[in-house]
Amino acid sequence: MDLPILYAWHKDIVFHVLTHMKVDNASNIFNEVYVQEIRQEKKRLGITDDLIGHIEALTDYYIKNFERLSIINFIPFITNSFEELTQTIVNWGSFTEADKGNFINNFIAILEKERVFYHAYWHQKDNMLKYRKDIVEKNLNDRLMLFKCLFDYYKQCKHMKVEVLLSYSMGQNGRGSCNQNSQLVALPFPFDENNEEDTFFMALHELTHPCTDNLVGEGKDISMKDGSHALTENIVMIADYEIIKEVNPILVESYFKWICNKSGNPTVQLDEDMFYNVFVIPAQIKEGLKERIREIVQFLN
């Protein structure tokens, strides 16, 4: 199994902009190192326009209306060009007139302003990484191949294929979205080999969501406001732990270390008891999750 790994500047430009925005929820992909890298590159090119200032003016409205506006994180997955991207955002049916006046029109203007710079920057980066990409793709495929049972579950039970988009601009936290035929996962490109395991665990996390999210209620809209998003996150964290124990238990220590690093607690020595005290789910969902994990790991045989 060779997992299709994609790269696309017109999808990445949305994450380029959002990586400049500090958001106080789990969707945050802000990255100060990336912001400074972009500033230095623009300074070298004599570009004085400051993206951070433009995006900060939109941040408050974005956070307050996140339930509607968060879809901009996922629209890139369903578009095939920059023009289609911007038109799809403009015409998205759930945006209100207030959304358009206070956020969407300005966000599109930012994308248009960044277009020429980012197109050149992205392709320069892509060319510089052509050898690194081969290594990253092989290592990611090798790691994910250990969890072939998950992909077999997708194929047999969900009738979907899986694709991965590696982003040069996404600061942290992945994204996952699906259409009728495939599950697409966007992940930060691991520029350093020390970050490859981080990308792998993010991939596993995002790929598990579609397998377990319906345990909170079939057809339910997942929301941060009612706590269902946090619950689905806990379910995925537990599911991945249990799947890792079944498939490749040697990765448990690395998984716990990854959790501690992502939560800003790199010195904590996480064990199973602590893990289950942190990631709590209702008993009824716990039983459903056990059955779902059995359905997934049966493809090991």
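Could you check, for the range 32-46, whether at least one of its residues is hydrophobic (A, V, I, L, M, F, W, C), under 30 Å from LYS161 (Cα atoms) and at pLDDT 95 or above?
Step one: list which residues in the range 32-46 are hydrophobic (A, V, I, L, M, F, W, C), which gives 33, 35, 38, 45.
So of that shortlist, the ones also under 30 Å from LYS161 (Cα atoms) come out as none.
No: zero hits.
Out of the residues in the range 246-301 that are in a helix (DSSP H, G or I) and among the small types (Gly, Ala, Ser), which is farthest from ASN194 (Cα to Cα)?
Let us first name the residues in the range 246-301 that are in a helix (DSSP H, G or I), namely 246-247, 249-262, 272-278, 283-300.
Those left that are additionally among the small types (Gly, Ala, Ser): 254, 283, 288.
Numbers: SER254: 12, ALA283: 37, GLY288: 36 Å.
Once the filter is applied, the top-ranked residue is ALA283.
Looking at the range 7-34, which of the residues that are surrounded by fewer than 15 Cβ atoms within 10 Å (Cβ to Cβ) and among the aliphatic types (A, V, I, L, M) is nearest to ARG132 (Cα to Cα)?
If we take residues in the range 7-34 being surrounded by fewer than 15 Cβ atoms within 10 Å (Cβ to Cβ) and among the aliphatic types (A, V, I, L, M), then VAL33 is nearest to ARG132 (Cα to Cα).
Is at least one residue of the range 51-62 modelled with pLDDT of 95 or more, of a type outside the set (Ser, Thr, Tyr) and part of a loop (DSSP other than H, G, I, E, B)?
No: zero hits.
Among the helices (runs of 4 or more DSSP H) confined wholly to the range 100-200, which include 3 or more residues that are under 21 Å from LYS22 (Cβ atoms), out of contact with any Lys or Arg (no Cβ under 7 Å at 6 or more places or on another chain) and free of Cβ contacts under 8 Å to residues at least 12 places away in the same chain? Step through it out loud before you land on a result.
Numbers: elements: 105-128, 130-145, 148-153.
Because the criterion is at least 3 residues that are under 21 Å from LYS22 (Cβ atoms), out of contact with any Lys or Arg (no Cβ under 7 Å at 6 or more places or on another chain) and free of Cβ contacts under 8 Å to residues at least 12 places away in the same chain, no helices (runs of 4 or more DSSP H) in the range 100-200 meet it.
Scan the range 150-159 for residues that are buried (at least 18 other Cβ atoms within 10 Å of the Cβ) and not aromatic (Phe, Trp, Tyr) and jot them down. Talk me through it step by step, then tell me what you get.
Quick first cut of the range 150-159, residues buried (at least 18 other Cβ atoms within 10 Å of the Cβ) only: 150-151, 153-154.
Residue satisfying the conditions is LEU150 alone.
Looking at the range 51-78, I want the residues that are assigned by TED's automatic domain parsing to the domain that holds LYS100 and have a partner that is among the basic types (Lys, Arg) and crowded, with 17+ Cβ neighbours inside 10 Å with Cβ atoms under 6 Å, at least 6 apart or on another chain. Which pairs are those?
ASN73/ARG175; PRO76/LYS11
So, of the residues in the range 238-261 that are within 22 Å of PHE30 (Cα to Cα) and in contact (Cβ under 8 Å) with a residue 40 or more places away in the chain, which turns out to be surrounded by the most Cβ atoms within 10 Å (Cβ to Cβ)? Walk me through it before giving the result.
So the first thing to find is which residues in the range 238-261 are within 22 Å of PHE30 (Cα to Cα), and the list is 257-261.
Then keep just the ones that are in contact (Cβ under 8 Å) with a residue 40 or more places away in the chain; that gives 258, 261.
Details: TRP258: 20, ASN261: 13.
The residue in question is TRP258.
Which residues, taken from the range 62-107, are within 25 Å of ASN179 (Cβ to Cβ), aliphatic (A, V, I, L, M) and either surrounded by fewer than 17 Cβ atoms within 10 Å (Cβ to Cβ) or within 20 Å of the chain's Cα centre (by Cα) (or both)?
Of everything in the range 62-107, those that are within 25 Å of ASN179 (Cβ to Cβ), aliphatic (A, V, I, L, M) and either surrounded by fewer than 17 Cβ atoms within 10 Å (Cβ to Cβ) or within 20 Å of the chain's Cα centre (by Cα) (or both) turn out to be LEU69, ILE71, ILE72, ILE75, ILE78, LEU85, ILE89, VAL90.
The values are calculated or read from the model by the stated rules, or taken from the named source; none is laboratory data. Because the structure is a prediction, the values reported are computed rather than measured. Cβ sites come from the backbone with ideal geometry, for glycine too, and all protein chains shown count toward neighbours.
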